[in-house]
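Have a look at the structure below, then the notes.
We did not get these values from a lab; they are worked out from the coordinates using the rules stated. As the structure is a computational prediction, the values presented were derived from the model and not from experiment. Here the Cβ positions follow ideal geometry from the backbone for every residue, glycine too, while neighbour counts run over all protein chains shown.
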Amino acid sequence: MQVREYTFSFEVFNSIEELTILDSLLLNKAKEATIHAYAPYSKFRVAAAARLGNGEIILGTNQENASYPAGICAERVLLSTSSSIFPSVPIETIAITYKNENGLSNHPISPCGICRQTLQEYEQRQKTSIRLLLGGLEGNIYVISNASLLMPLAFTSNELK
Ligand code: THU
């Protein structure tokens, strides 16, 4: 028997003022986009903004449905949109934020399991890292250098060969 360990490191910034101009601009774009979320059921508006290799910024927001499982998270809306508009342009960084209409937005949220699986595959496809900036409307910001770090022991297309 052996024990294997998985650890990863990420950066924590105290506020948006500590980020680079490019990163703070991206997070602000995500914050602005929370208004476009369709979240009448959860009242939890999530937005993601991606900066692509060609400088474009793409937005995605959560889109809910009266048939709850039909709803889709902001991250996967963003990834599908980016891949549909700029299929061969890599995503460099994604900022993810939220506005909780029933509570606070003062700490980072991180992508759900399905979105982690999806992010992992987009990273594998583009063969370069997707950096994540996670932050609420206020408070700390986490910077994760590589989205796949959130998905240890991922099931990938390699298994299907
Ligand atoms: N949601 C996202 O859009 N992204 C996440 O990473 C977590 C959750 C959405 C799904 C649902 O519309 C609402 O937030 C509450 O779960």
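Provide the per-residue ³J(HN,Hα) series for region 51-56, in order, calculated from phi with Karplus coefficients 6.51, -1.76, 1.60 and θ = phi - 60°, each as a whole number of Hz, with x at glycine and proline positions.
Taking θ as phi minus 60°, the curve returns 9, 9, x, 9, x, 5 Hz for region 51-56.
Say R0 is 41 Å: what FRET efficiency, to the nearest 0.05, do residue 101 and residue 160 get from their beta-carbon distance? Write down the numbers at each step before the final one.
Values: r = 41 Å, r/R0 = 1.00.
The formula returns an efficiency of 0.50 here.
If you take every DSSP beta bridge whose two residues both sit in the chain, what share of them, in percent to the nearest 5, is antiparallel?
Taking every DSSP beta bridge within the chain, about 80 percent pair in antiparallel fashion.
Please give, to one decimal in nm, the separation of the simple spin-label points placed at residue 25 and residue 10, each 7 Å out from Cα toward the Cβ.
2.4
Running a GNM on the chain with Cα contacts under 10 Å, which residue among 64, 92, 56 ends up with the highest mean-square fluctuation?
56
Using θ = phi - 60° and the Karplus form 6.51 cos²θ - 1.76 cosθ + 1.60, what ³J(HN,Hα) does each residue of region 150-161 get, whole Hz, x for Gly and Pro?
Values per residue, Gly and Pro as x: 7, 10, x, 6, 4, 7, 10, 4, 4, 5, 8, 7 Hz.
With springs only between Cα atoms under 10 Å, which of 143, 89, 46 fluctuates most in a Gaussian network model of the chain?
89
Go ahead and estimate [θ] at 222 nm for the chain from helices alone: -39,500 (n - 2.57) per DSSP H run with n ≥ 4, summed, over the residue count, rounded to 500.
Working: 3 runs with 39 residues, N = 161.
It comes out at -7500 deg cm²/dmol, rounded to the nearest 500.
Can you tell me which of 39, 66, 30 moves the most in a GNM of the chain? Springs connect C-alpha atoms under 10 Å apart.
66
Any aspartates and glutamates with Cα under 12 Å of the residue 31 Cα? List them, leaving off those in the same chain fewer than 8 positions away.
138
Restrict the search to region 1-78; then list the chymotrypsin sites (Phe, Trp or Tyr not before Pro) that DSSP places in a loop and that have at most 15 other Cβ atoms within 10 Å of their Cβ. It would help to have the intermediate numbers written out before the result.
Numbers: sites: 6, 8, 10, 13, 38, 41, 44; in loops: 6, 8, 10, 41.
For chymotrypsin sites (Phe, Trp or Tyr not before Pro) across region 1-78 that sit outside H, G, I, E and B with at most 15 neighbouring Cβ atoms in 10 Å, the list reads 6, 8, 10, 41.
Over the Cα atoms of the chain, each weighted equally, I'd like the Debye log10 I(q)/I(0) at q = 0.08, 0.11, 0.18 Å⁻¹, rounded to two decimals.
For the chain, the Cα-only Debye profile gives -0.23, -0.43, -1.12.
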